[in-house]
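To start, the structure itself, in structure tokens.
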Amino acid sequence: MKILCFGSLNIDHVYRVEHLARSGETLASTDYRVFAGGKGANQSAALALAGAAVFHAGQVGPEGGWLVAKLSGLGVEMRFTRTVEVPTGHAIIQVEASGQNSIILFPGANRQVSSAWADQVIGHFSFGDILLLQNEINEIPHLITQGRKQGLTVCLNPAPGGPEVAEYPLEQIDLLVLNETEAAQLVGEARPQEQLARLGLRYPEAEILLTLGSQGSWYRLAGQVLHEPALSVEAVDTTGAGDTFLGYFLAALAAGLPPVERLKRATRAAALCVTRPGAMDSIPAAAEVDRLGESWPTRSPQRLVV
Ligand code: RIB
């Protein structure tokens, strides 16, 4: 089974600040660094580090070659990522003392994907393969539809959210992965269990995964709901934690691990991620996740029948 992650690649400009800048405020940062990022690229990196066979499809501008080389060095197959004459996507990220962030995106080459090229790429994959999408590139509805036509299992993480997500053909999604804000935008409800119930009613065929940061994760599949608490760690930078969680989760799913193990591995990987600065650079290797599992076994997820 192959995984095709069709998604963004960004250059992340990361500023450390005492607190996130308020409206009208000018704030001096205490540190500035440039990292590799983009939700798509981060998820591909996490998949590869977790041991999955992953192909990344996406676009960079002429100055984005180092992102491609970096992903390739991590073991991501990059033959479907191309260079176009548009600036590479970038993100301006403030990280405050608590590790929380705020992000401004410049989409650049990420939002210049053509449907014809998307079809060509998807044509290299077949029944049983997985298509993983986020919401930082254009042509998402087309990719969902084409992926399903091709017999792929379609996983959508509509991050960052937006009003357009409600218009996507979400009834065709096999695995829908959302944080609390994205879920609230879709179902208009703030409580996770209620969000899960509503999403389950609306998309009865789909597996639903809710990632709630320090509140852990909820996973609804085949008539049951699992809850896995987060691990308590000293957060330095939460950027990329959701991407790490999803990459490890999907790699475990592709490897045939049971649902409980998918959640445990993803939770450990995300816990390690938030203890380090940066997005892609903070994703742990599988051996580190294994070691954390030995020294810090998570308890069994709470299981509810629905
Ligand atoms: O999920 C984290 C990512 O969001 C960052 O790497 C940034 O590029 C934005 O896309």
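Values quoted throughout were computed directly from the atomic coordinates according to the rules given, and no laboratory measurement underlies them. Model, not experiment: these values are computed from the prediction. Cβ placement follows ideal geometry from the backbone for every residue including glycine, while neighbour counts extend to all protein chains displayed.
Taken as Cα centroids, region 72-91 and region 127-179 sit 20 Å apart, rounded to the nearest whole angstrom. The count of lysine pairs in the chain whose Cα atoms are under 22 Å apart, excluding pairs fewer than 8 places apart on the same chain, comes to 5.
When the chain is described by a simple charge dipole with +1 on each Lys and Arg Cβ and -1 on each Asp and Glu Cβ, the residue from LEU201, VAL236, GLY61 located farthest towards its positive end is LEU201. Using θ = phi - 60° in the Karplus curve 6.51 cos²θ - 1.76 cosθ + 1.60, the 3J(HN,Hα) couplings for region 209-219 round to 10, 9, 10, 10, x, 5, 8, x, 9, 10, 10 Hz; x is entered for Gly and Pro. At q = 0.22 Å⁻¹, what is the log10 ratio I(q)/I(0) for region 207-297, with the Debye formula run over Cα points and no solvent? Here the Debye-derived log intensity ratios amount to -1.08. Note on the chain: helix-only mean residue ellipticity at 222 nm, from DSSP H runs of 4+ residues weighted -39500 (n - 2.57) and normalised by residue number, equals -9500 deg cm²/dmol.
Using C-alpha pairs below 8 Å separated by at least 6 residues, the relative contact order for the chain is 18 percent. Among the GluC sites (Glu not before Pro) in region 1-67, which ones are in a DSSP loop with at most 13 other Cβ atoms within 10 Å of the Cβ? Mind listing them? Loop-located and lightly packed - GLU18, GLU25. With a Cα-only, solvent-free Debye model of the chain, what are the log10 I(q)/I(0) values at q = 0.07, 0.14 Å⁻¹? These q points yield log10 I(q)/I(0) values of -0.24, -1.05.
From the mean inverse distance of alpha carbon pairs (Kirkwood) and the Cα radius of gyration, derive Rg over Rh for region 2-64. Rg divided by Rh gives 1.14.
What the phi angles of region 269-281 give under the Karplus curve with 6.51, -1.76 and 1.60, with θ = phi - 60°, is a coupling list of 5, 5, 4, 5, 4, 6, 8, 10, x, x, 9, 4, 5 Hz, glycine and proline written as x.
Across the chain, the longest piece that holds none of the trypsin sites (Lys or Arg not before Pro) lying in DSSP loops with up to 11 other C-beta atoms within 10 Å covers 80-298.
Dividing the mean sequence gap of close Cα pairs (under 8 Å, 6+ apart) by how many residues region 1-134 holds gives a relative contact order of 34 percent.
Peptide packing: for 130-139, 186-195, 243-252, the average count of neighbouring Cβ atoms within 10 Å per residue gives the ranking 243-252, 130-139, 186-195, highest mean first. A Cα-only calculation for region 1-150 places Rg and Dmax at 16.5, 53 Å.
Packing order of peptides 41-48, 169-176, highest average first: 41-48, 169-176 (average count of other Cβ atoms within 10 Å over each peptide's residues).
Backbone phi angles across region 167-174, fed through the Karplus curve with coefficients 6.51, -1.76 and 1.60 (θ = phi - 60°), yield HN-Hα couplings of 8, 5, x, 5, 5, 8, 7, 8 Hz in residue order; Gly and Pro are listed as x. Among beta bridges identified by DSSP and lying wholly in region 87-232, the antiparallel ones come to about 60 percent.
Counting only DSSP beta bridges with both residues in the chain, the antiparallel share comes to about 45 percent. Amide H contacts of ALA57: CYS5, PHE6, GLY7, each under 5 Å away and 5 or more positions distant or on a separate chain (H built 1.01 Å from N in the peptide plane; Pro and chain starts excluded). For region 122-199, what class follows from the C-alpha gyration tensor (a ≥ b ≥ c being the square roots of its eigenvalues): rounded when a/c is under 1.5, otherwise prolate if a/b is larger than b/c, else oblate? Prolate.
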